[in-house]
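A.B. asks: I am attaching a structure below and will ask some questions about it afterwards.
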Amino acid sequence: MALFDGLILVGGGDLDPGFYGQVNNNSKNIEKEFDEKCMKCLDYFVKSNKPILGICKGMQIINIYFGGTLKQDISNHNFPELMHAHRVICNNISPLMSYFGKTFEVNSLHHQCIDKLGDGLEVIALSEDNIVEAIKKENIIAVQWHPERLLNNDFNTLEGLKIFEIFKDLF
């Protein structure tokens, strides 16, 4: 892993609730072996002080790594069709603001979200219903939505891909 300058943790199934001390209460598509590998990679990159970007499940893994927990089942953010959007509102410390503006639309493809925020993490964007949509810590930034999937008339793919510019700026 020493050959890599940064880490991108991507989306996927749900995390095993055992990672954050809970029993399974509607977590689905768990890939425990993959998640353990993600945690090991994350540990290496955190300890090496290398930039990290988390996308959807990647954000949840980062939160768990720093001692946070998840709500295992939220019903109002899991819309597999790409046409569904909801508004995200940045706070004043958010590096997202200079790329996306104070408020912007994102997709919603998750049924889990941050419950207890991990140690040292800062919330930098929320949905209108107060779901954590983005977090940061030093050279770590993570978002709950899928910027790589903003592919239809309601979303602008190039706008979504600005998240990778933010990641590049962490170096």
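The values are calculated or read from the model by the stated rules, or taken from the named source; none is laboratory data. All figures in this text were calculated on a predicted structure; none of them were measured in a lab. Neighbour counts run over all protein chains shown; Cβ positions are idealised from the backbone, glycine included.
A.B. asks: Starting from residues that are over 17 Å from the mean Cα position of the chain (by Cα) and without any contact (Cβ under 8 Å) to a residue 24 or more places away in the chain, keep the ones in the range 3-27 and report whichever is nearest to F171 (Cα to Cα).
C.D. replies: L3
A.B. asks: Cβ-Cβ under 6 Å, sequence separation 6+ or interchain: first residue in the range 45-57 and touching a residue at least 60 places away in the same chain (Cβ under 8 Å) and over 23 Å from K28 (Cα atoms), partner among the β-branched types (V, I, T) and surrounded by fewer than 20 Cβ atoms within 10 Å (Cβ to Cβ). Which pairs?
C.D. replies: L53/I8
A.B. asks: Check off (1) under 16 Å from I141 (Cα atoms); (2) touching a strand residue (DSSP E or B) at 6+ places or on another chain (Cβ under 9 Å); (3) modelled with pLDDT under 95 for A85 and give me the number that stays unchecked.
C.D. replies: Here A85 clears every test but (1).
A.B. asks: Restricting attention to the range 134-147, which residues are buried (at least 19 other Cβ atoms within 10 Å of the Cβ) and within 16 Å of I61 (Cβ to Cβ)?
C.D. replies: If the condition is that a residue be buried (at least 19 other Cβ atoms within 10 Å of the Cβ) and within 16 Å of I61 (Cβ to Cβ), then A134, I135, K136, I140, I141, A142, V143, Q144, W145, H146 are the ones that fit.
A.B. asks: Then there is this: Taking the range 106-122 only, how many residues are surrounded by fewer than 17 Cβ atoms within 10 Å (Cβ to Cβ) and either touching a residue at least 40 places away in the same chain (Cβ under 8 Å) or closer than 16 Å to K57 by Cα (or both)?
C.D. replies: 5
A.B. asks: Among the residues of the range 53-68, is there at least one that is part of a loop (DSSP other than H, G, I, E, B), touching a strand residue (DSSP E or B) at 6+ places or on another chain (Cβ under 8 Å), buried (at least 19 other Cβ atoms within 10 Å of the Cβ) and of a type in the set (A, V, I, L, M, F, W, C)?
C.D. replies: yes
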